[in-house]
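The numbers here are math on the coordinates, done by the rules we state, and not lab data. Just so it is clear, the structure is predicted and the values come from calculations on it, not from any experiment.
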């Protein structure tokens, strides 16, 4: 996957996380505490500046009372069927 595609995917995952977080009424700091991550990390995730590891994604999903699969499904839905992974 090209770097530009990685950024697009990271941004889509970040928007999914932001959507779920705001729907729950959580601040980024609240999410960080509940997920056991640094307080600045949710902002980086939501802006697509970082790609979460599997363990971080699981922690974020747990904090958001959802599954990592649902977060990825939201991101994939946003990207659409026409997204070219090769790029």
Helix axis angle, 68-79 relative to the chain longest principal axis, alpha carbon, degrees: 40 degrees
Folded to 0 to 90 degrees: helix 54-63 orientation relative to the chain principal axis, Cα: 50 degrees
Reciprocal of mean inverse Cα separation for the chain (Kirkwood radius, Å): 12.8 Å
Between helix 3-24 and the chain: long-axis angle, C-alpha atoms, 0 to 90°, nearest 10: 30 degrees
Chain lengthening between residue 76 and residue 49 when straightened (0.36 nm per residue, less Cα-Cα): 7.9 nm
